[in-house]
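See below for the structure under consideration.
The values are calculated or read from the model by the stated rules, or taken from the named source; none is laboratory data. Just so you know, these numbers come straight off a predicted model, no measurement behind them. Cβ placement follows ideal geometry from the backbone for every residue including glycine, while neighbour counts extend to all protein chains displayed. All accessible areas refer to the heavy atoms of the entire protein, side chains included, with ligands and DNA or RNA removed. Shrake-Rupley method; radii C 1.70, N 1.55, O 1.52, S 1.80 Å.
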Amino acid sequence: MYTEAVMDHFYNPRNAGELADADGVGEAGNPVCGDIMKIYVKIEDDRIADISFQTFGCGAAIATSSILTELVKGKTVAEAEKITNRAVAEALGGLPPQKMHCSNLAADAFHKALEAYRQNRPKPAPAAE
Amino acid sequence: MERIYLDHAATTPVDPRVVEAMLPYFTANFGNPSSIYQEGRAAKKAIEESREKVAEILGAADTREIIFTGSGSEADNLAITGVAWAYRKKGNHIITSAIEHPAVLETCKELEKHGFAVTYLPVDEYGLVAPEAVRDAITDRTILVSLMHANNEVGTIQPIAEISKIVRAKGVLLHTDAVQTAGSIPLQADELGVDLLSLSAHKFYGPKGVGVLYAKKGTRLHRLIHGGAQEGRLRAGTENVAGIVGLAKALELAAAGLEETVPRLAELRDYFINKIFSRIDHVKLNGHPTRRLPGNINVSFEFVEGESILLNLDLEGIAASSGSACTSGALEPSHVLLAMGLPHETAHGSVRFTIGKDNTKEQLDYVLGVLEETIARLRAISPLYREQRGRKEK
Ligand SMILES: Cc1ncc(COP(=O)(O)O)c(C=O)c1O
Ligand SMILES: [Zn+2]
């Protein structure tokens, strides 16, 4: 039911684990539906310098998280931000239809991580107080 | 790689002795049992001899109490829908439980659309239905109680004989889905005190696509499949002769092997459960500690999800199943585990291993090693496990 790419990423996940000094962390999914993805990003010179994931979920959930980290790593934030859940699924050669929803949320978690990074980031020109 | 099959509750391989018994009915004895010439008579004889065998093993009083069907699901459908329409004038109320197989639950839901009222009894944390709850649910409109003998997911065995006393005293019919029990528990319909009982051959080393409904004499049934006069006019269609012969042979072997198989499987089961608990932490046994099928192990591994465990096991040559939503394509995890009160996360992390007669202790030891590694690997990348450890350290 899964493509070879899914099985490869499931069995040899890339960039798995926690990033201790992450600039932003984002989470998508919930335990009720059975898939939770957490993405950690480290941003340097407006690029995705480092990224990692932690996932509770099925084979599809783990594989989508893993390939997302590969797809965006090294890219500029502006470029990386364009990634969608659909593009992640396509990069894996497709997912079974029932996996397109709750198991395919890695891009959402990544977008939330970027949002968190923007909020955490010290403002370049602090407003006068 | 040697495959290790631990999903005998899903289906079983056909016993070679069963295959051998079936083969002539595909070739030399291919006749239609309804034909009056020799080929037909031979096929008819094979069916009637099979019926006698099954009747004897199930403790039926009459061979006409045995109806061959196209599956366990069809036997459940015939029992419930058949009684519902035959007794419609008497009442419209049916009692069942929240943990039945879909063959029962979906049949009941369908009847609800046609004016029947159904009570779905809750179960306790072990998956047991309380006999008193059955008593309290019966009204003067109740025509049928349908409760499974043993649950296919968690292996919990219901106190059917005890429930039967209550149901019988109220003059209500009792059906039990015994699809999971043949070969694990002696099945004597009269001792169990049931009016209807369903079986499916492929769960006890027989072929797929053939089942039995035992229906006690005097139980009226409305037929589901219309056409010829086969199976006492209750199930039209040229009989699956080879399948019926295979079912009877498999049931005969299962009954004969019961005394030897059950203690051996129960010992392997308990060994496996104990080893899981001693080697892996944050594990929960689902189902009853003792009132469970001899081959059934159902455990939840916290902080990980069932499908990912199964994929990992499959890569290492092991076949098992899970109650996670992600394995079924449904949005919800197992209705059985939820009815037993498990939180969604724990239900998603459930894995069912069902041991069969050919599994060995060596195989289980290999599985334990793979399982330990798999759970460790998946927990290492699970955000829930980190949070748990974080909480502990605080
Ligand atoms: C408890 C129970 N009832 C009914 C069935 C359905 O049997 P069959 O597969 O023969 O339709 C099964 C097996 O899937 C089962 O486990
Ligand atoms: Zn999933």
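Quantify how strongly other chains surround peptide A:58-68 by giving the mean number of their Cβ atoms within 10 Å of each of its Cβ atoms.
Average per residue, whole number: 4.
Taking the 0 to 90 degree range and rounding to the nearest ten, how far is the long axis of helix A:106-120 tilted relative to the main principal axis of chain A, both from C-alpha atoms?
Between the helix axis and the principal axis of chain A, the angle is about 10 degrees.
List the lysines whose Cα lies under 28 Å from the Cα of B:Lys217, skipping any in the same chain that are fewer than 8 positions away.
Cα-Cα hits under 28 Å: B:Lys44, B:Lys45, B:Lys53, B:Lys89, B:Lys90, B:Lys109, B:Lys165, B:Lys170, B:Lys203, B:Lys208, B:Lys249.
Could you tell me the largest-minus-smallest coordinate of the C-alpha atoms of segment B:223-365 on each of the three principal axes, in descending order and whole angstroms?
So the extents along the principal axes, rounded to whole Å, are 58, 39, 31.
What part of the accessible area of the protein assembly as shown, given as a whole %, is carbon or sulfur when the probe is 1.4 angstrom?
Solvent-exposed carbon and sulfur of the protein assembly as shown make up 52 percent of the total.
Across 10 Å bins from 0, what is the distribution of all Cα-Cα pair distances for chain A, in whole percents?
Histogram of Cα-Cα distances, whole percents per bin: 14, 46, 28, 8, 3, 1.
Could you do me a favour and compute the accessible area per residue for segment A:4-119, 1.4 Å probe, result in Å²?
Computed with neighbouring chains in place, this is 40 Å² per residue.
Roughly how big is the A-B contact, given as buried accessible area in Å² (both sides, 1.4 Å probe, nearest 100)?
Accessible area lost upon association: around 2100 Å².
Can you give the accessible area of B:Thr139 in Å² (nearest 10), computed on protein heavy atoms with a 1.4 Å probe?
Approximately 70 Å² for this residue.
Under a cut-off of 16 Å between alpha-carbon atoms, report the lysines in cross-link reach of A:Lys82, not counting same-chain residues fewer than 8 places apart.
Excluding near neighbours in sequence, the set is A:Lys73, A:Lys112.
Tell me, what are the semi-axes, in whole angstrom and largest first, of the equivalent ellipsoid of the protein assembly as shown as set by the roots of 5 times the Cα gyration tensor eigenvalues?
Taking √(5λ) for each Cα gyration eigenvalue gives 51, 25, 22 Å.
Working from Cα positions, state the angle (0 to 90°, nearest 10) between the long axis of helix A:59-72 and the longest principal axis of chain A.
Between helix and principal axis, roughly 40 degrees.
So if I take the centroid of the Cα atoms in segment B:137-189 and the same for segment A:37-88, what is the distance between those two points in Å?
53
Could you give the accessible area per residue of segment B:16-254, probe 1.4 Å, as a whole number in Å²?
Value for segment B:16-254: 41 Å² per residue.
State, to one decimal in nm, how far the label point of A:Asn30 lies from the label point of A:Met100, with both points 7 Å from Cα in the Cβ direction.
Roughly 2.3 nm, to one decimal.
On a 0 to 90 degree scale, rounded to 10, what angle separates helix B:361-380 from the longest Cα axis of chain B?
It is inclined by approximately 50 degrees.
Counting only other chains, and only Cβ atoms inside 10 Å, what mean value do you get across the residues of B:116-127?
0
Which semi-axis lengths, in whole Å and largest first, follow from the square roots of five times the eigenvalues of the Cα gyration tensor of chain B?
After scaling each eigenvalue by five and taking roots: 38, 27, 17 Å.
Sort B:Leu128, B:Leu196 from largest to smallest accessible area, using a 1.4 Å probe on the heavy atoms of the protein chains.
Sorted descending by solvent-accessible area, the residues read B:Leu128, B:Leu196.
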